[in-house]
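Written below as structure tokens is the structure these notes are about.
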Amino acid sequence: MKDVFIAQTPEQARLLQDMIYVGLLGRLLKSDASAGEVAKDKAQTVQQVHHRLTRLHQAELIEVRGERTRGGRPVKLYGPVAREYRVPFALTDAATVGELIRESHRPLLDLHYEAISRLQTADLLIRQNERGQMFMTLADTDGQDEAVLHSAFLGYRLTPQTVQELQERLTTLAEWLGSQALKREERGEDYLLGLLLAPGQVKR
């Protein structure tokens, strides 16, 4: 298996920019699996997953690793062709990098705003952090507890060393959260988490 797969065709680029297909790749990166196993883990129908795995296979983004017998019939086991995938900017439909990022963030941001809009009522909590910076988030209507839905954008002046450490900590946080995530069949609630870090200044 390659360390990095670099997309070379528009079809490969399209699939690697589609979060549904990326989700299937993520499942296969954990371990080789059949269409049925992937369908169970991703809460999709076997027909849907089989079709999507076929597209990924035809685009040479995954490969057949072997077969397993189930009910007297051979079942294909799929696996990724690389540990990570890269899409060259030239293969995207974006005119600028900013547009590329906006389009990649849009589905998650839309889900975030949709979840917020389902709240019957919530107060806008405006307060100061320990460094004297003002930020806004949502709170229960009694103003005592912050809602589970949390949005806050803060600006800091940082050294390159601090930025590097922050990037490492964000990566560690994402890895820890991934280790805590439940399987589809386990009891729990679904949440979205966005971690954003970019040069810029918040006007205040």
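Residues being part of a strand (DSSP E or B) and surrounded by 15 or more Cβ atoms within 10 Å (Cβ to Cβ) are entirely absent from region 100-110. Annotation note: Cβ proximity below 9 Å between a residue of region 101-129 that is more than 24 Å from residue 197 (Cβ to Cβ) and a residue that is open to solvent by 70 Å² or more (accessible area, probe 1.4 Å) and assigned to a loop (DSSP other than H, G, I, E, B) (sequence gap 6+ or interchain) occurs for 120/141; 121/141; 122/141; 123/141; 123/142.
Reported count of residues in region 179-204, each being in a loop (DSSP other than H, G, I, E, B) and polar (S, T, N, Q), is 1.
Can you find a residue that is at pLDDT 75 or above and in a loop (DSSP other than H, G, I, E, B) anywhere in region 160-178? Checked against the condition, which is being at pLDDT 75 or above and in a loop (DSSP other than H, G, I, E, B), region 160-178 yields no hits at all.
The values are calculated or read from the model by the stated rules, or taken from the named source; none is laboratory data. Fair warning: this is a prediction, and the values are worked out from it, not measured in the lab. Cβ sites come from the backbone with ideal geometry, for glycine too, and all protein chains shown count toward neighbours. Just so you know, the surface numbers come from the protein's heavy atoms only, side chains and all, with ligands and any DNA or RNA stripped out. Shrake-Rupley method; radii C 1.70, N 1.55, O 1.52, S 1.80 Å.
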